[in-house]
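The values are calculated or read from the model by the stated rules, or taken from the named source; none is laboratory data. What you see is a predicted model, and the numbers here were worked out from it, not measured in a lab. Here the Cβ positions follow ideal geometry from the backbone for every residue, glycine too, while neighbour counts run over all protein chains shown.
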Amino acid sequence: MKKILLLFIVTIAFTSNRSLAKTTICEITFYSSNIKYDCLMVLNDNYSYGNNFMRVAYTINGNYIVVNQRLSIEKQSLSDGNTYITASGYAVRFITNTYGHTYNPDKLSILINAAGAIDQPKIGDSNNAMMPVYSFRDISNENLDNNYLKRFFVDGEPELHSLSSNTFGGFNTVPITNTNLIPKSTFIEFYNNTGYEISACYAYYNNQDRCWTSVGWYTIQPYNNKTIDVGNYTGNLYVRGRQGLATEWGSGDGQFCVDATQAFNIKFADTKDCWSKKKFSKYYVSPGVNKWTFN
């Protein structure tokens, strides 16, 4: 089985001050085939082969499994000023019992534009199926106790003790002590109230680029849901769904570009000249969980 995984964290690590020589730690959550994967990515030296790794923990058939994969990171500067980065997993080994399961290495890639902003983040599996992860956060400056780390390590591993006592800070972040200052994320929960698989997408106003951006696709199994983090966002958001070629959801409150065959993240989706511009339904969202049902 092959999973989908986060990749844009690697870009931030590359923009850090290398002279700090401190460990950068990222917590990642993603879903694949209705299985939740929790990840701990540890970057000790961004330019050294073999020093970076990621632990992935998940439960399947009632069995809790942890795997480790080393990461090989490559950076390529393009002529247009953008930077292309890939992080390839290798040397996968099971930390816990395999329970007859297998795990293939992950492939991560991202583009950083000339201004240093993340652009076109892509998360892919072996079939090149692309979609965002569920959540990501930098935990480099947090105090990691053994109870937390034991989700990813077993007793006796040197990393279990070294990670809980080291000083971190590879992202040049400042610890936030007043939790009231932390912006609340906005989530949209798509619920599929039909007996067939649905593909959903949405469009939102991208304040950074000052344009409407369409994002998709998200697969939602029958009578199941998928929750998507759209960041610190308040305002109108537009939703569209499809079920094969026969059934579509979208009232026409707005029309935006989509890619009918693969995952997409299209900027200026309302004005761009594209092959496929589809109808969307308007939906006002605010911080917290906003629920949308496909009937």
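Hey, which of the strands (runs of 3 or more DSSP E) in region 15-101, taking only ones fully inside, have at least 3 residues that are within 23 Å of the chain's Cα centre (by Cα) and at pLDDT below 75? If you could, list the steps in order and put the result at the bottom.
Working: elements: 24-32, 35-43, 52-60, 63-77, 83-94.
By residue number, 83-94.
Among residues belonging to region 102-144 that are more than 21 Å from the chain's Cα centre (by Cα) and modelled with pLDDT of 75 or more, point out the one that is surrounded by the most Cβ atoms within 10 Å (Cβ to Cβ).
Residue satisfying both the conditions and the ranking: LEU144.
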- Filter result (at pLDDT 90 or above, part of a loop (DSSP other than H, G, I, E, B), farther than 14 Å from TRP217 by Cα and touching a strand residue (DSSP E or B) at 6+ places or on another chain (Cβ under 7 Å)) within region 248-273: GLY250, SER251, GLY252, ASP253, PHE268, ALA269, ASP270
- Message: Considering only region 207-218, I want to know if a residue exists there that is out of contact with any Ser or Thr (no Cβ under 6 Å at 6 or more places or on another chain) and basic (Lys, Arg).
- Response: yes
- Query: What is the one condition in (1) out of contact with any Lys or Arg (no Cβ under 6 Å at 6 or more places or on another chain); (2) of a type in the set (A, V, I, L, M); (3) modelled with pLDDT under 65 that LEU149 does not satisfy?
  - Reply: (3)
- Task: Name the single residue, out of those in region 219-247 being at pLDDT below 90 and among the hydrophobic types (A, V, I, L, M, F, W, C), that is nearest to ASN207 (Cα to Cα).
- Result: VAL230
- Query: Of the residues in region 201-224, how many are more than 23 Å from GLN262 (Cβ to Cβ) and either assigned to a strand (DSSP E or B) or not assigned by TED's automatic domain parsing to the domain that holds PHE256 (or both)?
  - Reply: 1
